[in-house]
Structures are given as C-alpha cells and as structure tokens.
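Heads up: the structure comes next, in structure tokens.
The values are calculated or read from the model by the stated rules, or taken from the named source; none is laboratory data. Everything numeric in this text was worked out from a predicted model, so none of it was measured. Glycine gets a Cβ as well: all are built from the backbone with ideal geometry, and neighbour counts include every protein chain shown.
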Amino acid sequence: MKPRILLFDIENSPNLGWYYDRWEKGNIVLNESNWFLLSFAFKWLGDDAIHVSTLRDCQGYAENKRCDRSLVHQLWTALQAADVIVAHNGDKHDIRKANARFAFHGLPPPSPSRSIDTRKMAKRYFGFESNSLDHLGQHLGLGGKRVTTGFDLHRRAIEGDASAWAELAEYNKRDVELLEQVYLRLRPFMSTHPPLTDYTGEQACPVCQSSNIYHRGYSYMRTGRRRRISCRDCGAWSAMGGIIKRGVDDVEDGEINSQGNGGGALELSRSQEEALWTFPSGIDALKT
C-alpha cells in the first residue's frame, strides 16, 4: 500500500493580554485569553483538491466564536489518516500547536507518522538567503504567499467579519499550494527523506516511488558497498539492496532481474555513465 502524504498548514489566533509599557519586554501583567485555532488547510500529495476549514464554518460558531473543538476534531481526523506529514516549520509550530489543541480537548495523539519540515530541510541542505516559505517560493520561481494585512486580517476574522474569514481561507489554501511546490522542488536533495518504499516493499525510488530508476556506481562504507540508484523522474540518489562485502566482483552491465541485488534498475557501464554528463538529455540519450 502506498503511503498517504499529507501537506498541511494551520492559522491560529494570538493570545490576548494586558500590559503597561509597550516598549518594555516581558511586562504582560495578565493573559486574558489563550490562542485558539482559526483555520487549517491540507491536501494529499497526488490529489488536486486542497481542503480548507475555518472556525466560522463549524457547528456552534454562532454561540461561541472562540470554541475550536469541532475544527480541532477535523484536523485530528486528517492527521490520523496520514503516514507522512509535510509542513513548513511544522516541527516547531504546526505540529506542536495541533498537539496542544488535541490535548486541550481531550483527544489522544493521532496515529504515528513521519514528519517532513521543509523549513528545516531548506536550512540543512541549502544556502538560501531566507528559509521562509514566501522567499523560497519567489526565489525558486514558484510565486509567493498570498498578500494580506497580517494581524489585521486575524483580528477582523476573530471579530466575525465574513470577508476576513473568506480571505483567511484563501490565504491558508495558497500556503498549502506553495508548500507542495516547494517540497517537490527540494525533495530530491533530502538525503534524510523518509524512504517511502518502506511502505510498499517495491523496487523503486524511495523518495518519489517511481520505478524509473537506474544503477550508477556504488556507495562505499567500511564493511562493503551498496548499489547507488538514481531516479530518472525526481532526480534523487539513494542506495538499494544489501551490503556487498569487500572482495565481491561488481555486477555485470545490463538489466538486473527482480531476484538480483537492486531489483529492476538499469545497470550502466563507465562509458554509459560518462554519457549522462555528455548528452543534455541525460539517460534517454543512451537509447539512440
């Protein structure tokens, strides 16, 4: 069974407190009300639809405009169905905030899943000027986040402005749309990406699950080496098969059958490997 990959983003209200001097830090004398969930958006990787839920859409909103119980239950249901979750700054913000509301409303933790935080990945594998979702989208030519009035939008939504709720939903939706585009662009570079083939057992790219892979060289370690696989669809590199102990000859060139070490990947000779760098069209040039 293929893993279900959920991309999601949440929007929450600020806390409400009392203070005396605005220029002094740490002088909040009373926290009148804690933050609550305003909206969340999500989509399943591979599906076109982006789903958005706001507090205003929930049953009971007219009676209590700050009760997010129903909205939190909807978020819990989405996370419960996911094998892998993707969010920007998700490990520090979205997942922890979600867990806080789950605990507040007496919900158990959702089923265990693997987390991919695109902000962490951007910081770990790249040297961008900024790791914000907006900057990454614009820098990579994918477009930026939807422009809003910031806190004023949240304030108007909390006060019950219907147009603000509609704008917040579109903002949330665009964040998930951009999140998916950034994730797919950065994904091939993520050497720590959860191996998706763990869920399927298939001989395929562990990053994007494509079977369009080929063997190109080896990854070496103290105890031996493993076949190095490159995906012709997403471009990711990975190791496949068991460890080949030192002293064992290299596998001959040609197709590798399903019983061979490495599955159905295409084996390349040194001259063919060099052709990958010689021809702009990559491996497809080897067919001519």
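Cβ separations smaller than 6 Å between residues 6+ apart or across chains give the following pairs from segment 234-247 residues that are under 18 Å from Gly201 (Cα atoms) to residues that are modelled with pLDDT under 85 and assigned to a loop (DSSP other than H, G, I, E, B): Met240/Gly262; Gly241/Asn261; Gly241/Gly262; Ile243/Thr223.
Whether any residue in segment 108-118 is polar (S, T, N, Q) and out of contact with any helix residue (DSSP H, G or I) (no Cβ under 9 Å at 6 or more places or on another chain) is what I want to check.
Within segment 108-118, not a single residue is polar (S, T, N, Q) and out of contact with any helix residue (DSSP H, G or I) (no Cβ under 9 Å at 6 or more places or on another chain).
Checked against (1) in contact with a helix residue (DSSP H, G or I) (Cβ under 9 Å, 6 or more places away or on another chain); (2) assigned to a strand (DSSP E or B), Trp35 meets all criteria but (2).
The set of residues from segment 1-34 being closer than 20 Å to Ala162 by Cα, of a type outside the set (S, T, N, Q) and in contact with a strand residue (DSSP E or B) (Cβ under 9 Å, 6 or more places away or on another chain) comprises Ile10, Glu11. Listed here are the helices (runs of 4 or more DSSP H) enclosed by segment 151-245 that have at least 2 residues being at pLDDT 95 or above and more than 15 Å from the chain's Cα centre (by Cα): 151-158, 162-186.
Within segment 97-145, restricting attention to residues that are closer than 24 Å to Tyr171 by Cβ, touching a residue at least 60 places away in the same chain (Cβ under 8 Å) and not in a strand (DSSP E or B), the residue that is nearest to the chain's Cα centre (by Cα) is Thr118.
Consider Arg66 carefully, then state whether it is in the same structural domain as Phe151 (by TED's automatic domain parsing), more than 20 Å from Leu168 (Cα to Cα) and of a type outside the set (S, T, N, Q).
Here the answer is no, as Arg66 does not meet what is asked.
Inside segment 4-38, residues that are within 30 Å of Gln181 (Cβ to Cβ) and either aromatic (Phe, Trp, Tyr) or surrounded by 18 or more Cβ atoms within 10 Å (Cβ to Cβ) (or both) make up a count of 13. Just wondering, is there one or more residues in segment 156-173 that are more than 21 Å from Trp35 (Cα to Cα), among the hydroxyl-bearing types (Ser, Thr, Tyr) and touching a residue at least 24 places away in the same chain (Cβ under 8 Å)? So far as segment 156-173 goes, no, none of its residues is more than 21 Å from Trp35 (Cα to Cα), among the hydroxyl-bearing types (Ser, Thr, Tyr) and touching a residue at least 24 places away in the same chain (Cβ under 8 Å).
Take Val72 and tell me if it is of a type outside the set (S, T, N, Q), surrounded by 16 or more Cβ atoms within 10 Å (Cβ to Cβ), in the same structural domain as Asp161 (by TED's automatic domain parsing) and in contact (Cβ under 8 Å) with a residue 60 or more places away in the chain. For Val72, the condition - of a type outside the set (S, T, N, Q), surrounded by 16 or more Cβ atoms within 10 Å (Cβ to Cβ), in the same structural domain as Asp161 (by TED's automatic domain parsing) and in contact (Cβ under 8 Å) with a residue 60 or more places away in the chain - is not met.
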